[in-house]
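Trainee: The structure follows.
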Amino acid sequence: MGEVRDERLLDAAPETVWKALSTADGLLGWFWSPRLEPQIEVDLRVGGRYRIASSVIGRAVSGEYTVVQPPSLLGFGWQWNGEEHESAVTVALTRAGDGTSLVVTHRGLPDSEIDNHAKGWSDCLDRLPDWLAAR
């Protein structure tokens, strides 16, 4: 099993970045491309669940929140629909000057999935600054 790690320096306060990560409206604005017509559900509490789905591609990812410490630490399970394997994601936010340092660590990935998830996280996080700038 392996892990993916992606670090970004964002031009927004941790509280604003937290909203992007922890609300359905926030995730809808950047996580998946609008062309996928994502549907997002969020029950933000330890033991609560999230689900991000697209009928356009017939895929969904979901999991249970394991850590909810606003606005600095978010942890959750990660399981694609139809797959048995569940991995774990941690997102750490730290104030960095006027902005935020964001570190995503995705652990417990099968070695065959590391490259796909690294590209996926990179693509998602590339969209985040535009959503933040619009705030």
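Only the coordinates and a few stated rules stand behind these numbers; no lab work does. Owing to the predicted nature of the structure, the values given are computational and were not obtained by experimental measurement. Using ideal geometry, Cβ is built from the backbone for each residue, glycine included, and neighbour counts are taken over all protein chains shown.
Trainee: Taking the stretch 1-41 only, how many residues are in a helix (DSSP H, G or I), of a type in the set (S, T, N, Q) and within 17 Å of residue 67 (Cβ to Cβ)?
Mentor: Counting residues in the stretch 1-41 that are in a helix (DSSP H, G or I), of a type in the set (S, T, N, Q) and within 17 Å of residue 67 (Cβ to Cβ) gives 1.
Trainee: I'm told residue 112 meets every condition in (1) in contact (Cβ under 8 Å) with a residue 24 or more places away in the chain; (2) over 29 Å from residue 12 (Cα atoms); (3) out of contact with any helix residue (DSSP H, G or I) (no Cβ under 9 Å at 6 or more places or on another chain) except one. Can you identify the failing condition by its number?
Mentor: (1) is the only condition that residue 112 fails.
Trainee: Just to verify a result, which residue in the stretch 42-58, among those that are among the β-branched types (Val, Ile, Thr) and either in a strand (DSSP E or B) or within 13 Å of the chain's Cα centre (by Cα) (or both), is nearest to residue 83 (Cα to Cα)?
Mentor: Only one residue tops the list, namely 52.
Trainee: Still on this structure: Please verify whether residue 48 is surrounded by fewer than 17 Cβ atoms within 10 Å (Cβ to Cβ) and among the small types (Gly, Ala, Ser), treating the condition exactly as stated.
Mentor: yes
Trainee: Let me ask something else about it. Being over 20 Å from residue 2 (Cα atoms) and assigned to a strand (DSSP E or B), is that true of even one residue in the stretch 76-93?
Mentor: yes
Trainee: From 15, 86, grab the single residue that is touching a residue at least 12 places away in the same chain (Cβ under 8 Å), more than 11 Å from the chain's Cα centre (by Cα), within 19 Å of residue 130 (Cα to Cα) and exposed (fewer than 14 other Cβ atoms within 10 Å of the Cβ).
Mentor: After ruling out the rest, the residue left standing is 15.
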